[in-house]
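Structure first, then comments.
The values are calculated or read from the model by the stated rules, or taken from the named source; none is laboratory data. Since this is a predicted model, take the numbers as computed values, not measurements. Here Cβ is always computed from backbone atoms with ideal geometry, including for glycine, and neighbour counts include all displayed protein chains.
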Protein chains: 2
Amino acid sequence: MNQVIDLLKNHRSIRKFKPETVSIEKVHAIIEAAGWAATSNFIQAYTVIHVKNKKTRKQIADLAGPQPWVETSPLFLVFCADLKRAQTACLYENKEMVSGYTEQFIISTVDVALAAQNAMIAAESLGLGGVYIGGIRNDPETVCKLLKIPDHVYPTFGMCLGYPDENQEQKPRLPVSMVLNDEYYQESNTDLEKYNAICKAYYQNRSNSSREDTWTHQISVMMTSPARPHMKAFLKKRGFEFK
Amino acid sequence: MNQVIDLLKNHRSIRKFKPETVSIEKVHAIIEAAGWAATSNFIQAYTVIHVKNKKTRKQIADLAGPQPWVETSPLFLVFCADLKRAQTACLYENKEMVSGYTEQFIISTVDVALAAQNAMIAAESLGLGGVYIGGIRNDPETVCKLLKIPDHVYPTFGMCLGYPDENQEQKPRLPVSMVLNDEYYQESNTDLEKYNAICKAYYQNRSNSSREDTWTHQISVMMTSPARPHMKAFLKKRGFEFK
């Protein structure tokens, strides 16, 4: 439809990179572009940590999976939902931040995600590719220790970026018919079998690690075991209390 | 730096629209582009409701502020974090979803935000403009009733889109120096006064509703009163239990 939409539709996760480094000018351009995402009431509740230290990256790579590309990618960023800067703004105004609300957790988590998606798109427009690393939430305590992340901030996900050295097939997405509802919520599963078949063919035919799988099977495996059950206690300790 | 980055850096909230409608082809292109965002473990935990009914839109416009553009914008979408489709996938596999984990809340909230940001960028690339409507969380119960949103789904934010009929100045963002940290978290507030001065000038000089304000002042007002304290109970009732 246009170049921007073509770029968006060309997304795939990249985990294998050429050794070429990403210039600091490009890193700044990516982060500046991230900043132009929408933000709830102008709060801009996120911080990005540029992790270069190889030992730190190895430790994060291990706890996140292992996901060795966290160590080997030319660029590794940790995106944090950050309410500490808001706290500083309050202190600057001689006021005390009211913290611990579920809503504040939503605001900061949405803010960091919108900014990160802008960063990913900016990076892809510069010829880079990458992958989000939700796996840092496997052990967020250690990530906080390694990156000296204070209270009111939590590492939401990482992002590996670099010049692609693989040509992954694209994982077929849910059809628009299953995602877009008219007027009110209507679960539309008429296309579910068809989508399962498409995913099955994708998994069978892909060049890297082909396997037997479908969408419903993959999701059912993911969603029938406890999901990172340490997250609540971790977040509570950090000032995100879900009140 | 390139056209895509120029587009990202040109973002501003648009609330005033030309009467021209957005074709259904464009709506589909926007939602298809949304789908190509990254997604945690392929779960694609979001649904978009296209609300056309004027009475419904008026009700949502009122509860969200009022924000009359929710009623008047050519296109109004409600982005929902959706774990119900995952539950359906489990049922399809004769399994029972384990629900209520904080981590699942994060996964679905990040998923819907990444998809929405792709939607916003796709829309802007088509000459549209728009604004996120976090205000639907003022009364999420009513939004759920109006849009028949079931358990395991919550309306995260709305999005108004259309052809811009205003030329808003851009709200100056935090400088990269305050957002990007090297190696570990380091609150860098050396540029805070400077940023306050920039924001002050922006608020003084903008053509619409100029006022006296700074960033720290605005954030301190927002963060010193309880933030939508109903959200926890609402989400709990809906199956998002923060365990």
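Residues in the range B:50-64: is at least one at the interface with another protein chain (Cβ under 7 Å from one of its Cβ atoms), within 17 Å of the chain's Cα centre (by Cα) and closer than 17 Å to B:Gly162 by Cβ?
Here is the first cut: in the range B:50-64, the residues at the interface with another protein chain (Cβ under 7 Å from one of its Cβ atoms) are B:50-53.
Checking the rest, the ones that are also within 17 Å of the chain's Cα centre (by Cα) come to B:50-51.
From what is left, the residues that are closer than 17 Å to B:Gly162 by Cβ are B:50-51.
There is at least one residue in the range B:50-64 that is at the interface with another protein chain (Cβ under 7 Å from one of its Cβ atoms), within 17 Å of the chain's Cα centre (by Cα) and closer than 17 Å to B:Gly162 by Cβ.
So A:Pro68 fits all but one of (1) under 26 Å from B:Leu8 (Cα atoms); (2) without any contact (Cβ under 8 Å) to a residue 60 or more places away in the chain; (3) not polar (S, T, N, Q); what number is the exception?
It fails just one condition, (1).
Just checking, how many residues over the range A:8-19 are within 11 Å of another protein chain (Cβ to nearest Cβ), surrounded by fewer than 20 Cβ atoms within 10 Å (Cβ to Cβ) and of a type outside the set (Lys, Arg)?
Count: 2.
Of the residues B:Ala29, B:Ala81, which single one is assigned to a helix (DSSP H, G or I), under 30 Å from A:Arg15 (Cβ atoms) and among the hydrophobic types (A, V, I, L, M, F, W, C)?
Numbers: B:Ala81 fails: assigned to a helix (DSSP H, G or I).
Of the residues listed, the single one that is assigned to a helix (DSSP H, G or I), under 30 Å from A:Arg15 (Cβ atoms) and among the hydrophobic types (A, V, I, L, M, F, W, C) is B:Ala29.
Against the conditions (1) in contact with a helix residue (DSSP H, G or I) (Cβ under 9 Å, 6 or more places away or on another chain); (2) more than 7 Å from chain B (Cβ to nearest Cβ); (3) of a type in the set (Gly, Ala, Ser); (4) without any contact (Cβ under 8 Å) to a residue 12 or more places away in the chain, where does A:Gly239 fall short? Just the number, please.
Here A:Gly239 clears every test but (4).
Within the range A:37-49, can one find any residue that is in contact with a Phe, Trp or Tyr (Cβ under 9 Å, 6 or more places away or on another chain), farther than 29 Å from B:Ile30 by Cβ and buried (at least 22 other Cβ atoms within 10 Å of the Cβ)?
The answer is yes; a qualifying residue exists.
Quick one: which residue in A:Asn181, A:Asn189 is over 30 Å from A:Lys52 (Cβ atoms) and modelled with pLDDT of 95 or more? Steps first, please.
Numbers: A:Asn189 fails: modelled with pLDDT of 95 or more.
Result: A:Asn181 is the single residue among A:Asn181, A:Asn189 that is over 30 Å from A:Lys52 (Cβ atoms) and modelled with pLDDT of 95 or more.
If B:Ala89 meets every condition in (1) hydrophobic (A, V, I, L, M, F, W, C); (2) more than 7 Å from chain A (Cβ to nearest Cβ); (3) assigned to a helix (DSSP H, G or I) apart from one, which number is that one?
Just one mismatch for B:Ala89, condition (2).
Output the qualifying pairs, or none if there are none: Cβ atoms under 6 angstrom, residues six or more apart or on different chains, first residue in the range A:35-63 and assigned to a helix (DSSP H, G or I), second residue of a type in the set (Gly, Ala, Ser).
A:Ser40/B:Gly134
Quick check on the range B:150-171. Is at least one of its residues buried (at least 24 other Cβ atoms within 10 Å of the Cβ) and out of contact with any strand residue (DSSP E or B) (no Cβ under 6 Å at 6 or more places or on another chain)?
no
Can you name the residue in the range A:98-142 that is among the acidic types (Asp, Glu) and under 23 Å from A:Gln67 (Cβ atoms) and is also nearest to the other protein chains (Cβ to nearest Cβ) among such residues? If you could, list the steps in order and put the result at the bottom.
Here is the first cut: in the range A:98-142, the residues among the acidic types (Asp, Glu) are A:103, A:111, A:124, A:139, A:141.
Those left that are additionally under 23 Å from A:Gln67 (Cβ atoms): A:124, A:139, A:141.
On the way: A:Glu124: 8, A:Asp139: 13, A:Glu141: 14 Å.
My answer is A:Glu124.
Mind checking which residues of the range A:186-197 are without any contact (Cβ under 8 Å) to a residue 24 or more places away in the chain and buried (at least 19 other Cβ atoms within 10 Å of the Cβ)?
The initial filter retains those residues of the range A:186-197 that are without any contact (Cβ under 8 Å) to a residue 24 or more places away in the chain, namely A:186-191, A:193-197.
Selection gives A:Tyr195 alone.
How many of the residues in the range A:205-229 are part of a helix (DSSP H, G or I) and touching an Asp or Glu at 6+ places or on another chain (Cβ under 7 Å)?
Matching residues across the range A:205-229 total 3.
Being basic (Lys, Arg), more than 18 Å from the chain's Cα centre (by Cα), assigned to a helix (DSSP H, G or I) and more than 7 Å from chain A (Cβ to nearest Cβ) narrows it down to one residue among B:Lys194, B:Lys232; which is it?
Working: B:Lys232 fails: more than 7 Å from chain A (Cβ to nearest Cβ).
One residue alone meets the criteria, B:Lys194.
Show the residue pairs meeting these rules: Cβ distance below 8 Å; 6+ apart or different chains; first residue within the range B:19-34 and farther than 13 Å from B:His50 by Cβ; second residue aliphatic (A, V, I, L, M) and assigned to a helix (DSSP H, G or I).
B:Ala29/A:Ile5; B:Ala29/B:Ala122; B:Glu32/A:Val176; B:Ala33/A:Ile5; B:Ala33/A:Leu8; B:Ala33/B:Ala119; B:Ala33/B:Ile121; B:Ala33/B:Ala122
Any residue in the range B:139-147 that is of a type in the set (A, V, I, L, M) and either in contact with a Gly (Cβ under 8 Å, 6 or more places away or on another chain) or at pLDDT below 95 (or both)? Spell out the reasoning first.
The first filter runs over the range B:139-147 and keeps only residues of a type in the set (A, V, I, L, M), leaving B:143, B:146-147.
Checking which are either in contact with a Gly (Cβ under 8 Å, 6 or more places away or on another chain) or at pLDDT below 95 (or both) leaves us with none.
No: zero hits.
Can you tell me which residues in the range B:23-41 are facing chain A (nearest Cβ under 7 Å), over 19 Å from the mean Cα position of the chain (by Cα) and at negative phi?
Pass one, the range B:23-41, residues facing chain A (nearest Cβ under 7 Å): B:28-29, B:31-33, B:35-38, B:40-41.
Narrowing the set further to residues that are over 19 Å from the mean Cα position of the chain (by Cα) leaves B:41.
None - no residue of the range B:23-41 is facing chain A (nearest Cβ under 7 Å), over 19 Å from the mean Cα position of the chain (by Cα) and at negative phi, so the list stays empty.
Exactly one condition in (1) out of contact with any Cys (no Cβ under 7 Å at 6 or more places or on another chain); (2) crowded, with 22+ Cβ neighbours inside 10 Å; (3) farther than 26 Å from A:Gln104 by Cβ is not met by B:Lys95; state its number.
(2)
If I go through the range A:170-188 residue by residue, how many of them are assigned to a loop (DSSP other than H, G, I, E, B) and out of contact with any helix residue (DSSP H, G or I) (no Cβ under 9 Å at 6 or more places or on another chain)? Before you say what the answer is, go through the steps one by one.
Let us first name the residues in the range A:170-188 that are assigned to a loop (DSSP other than H, G, I, E, B), namely A:170-175, A:183-188.
Subset that is out of contact with any helix residue (DSSP H, G or I) (no Cβ under 9 Å at 6 or more places or on another chain): A:186.
Counting residues in the range A:170-188 that are assigned to a loop (DSSP other than H, G, I, E, B) and out of contact with any helix residue (DSSP H, G or I) (no Cβ under 9 Å at 6 or more places or on another chain) gives 1.
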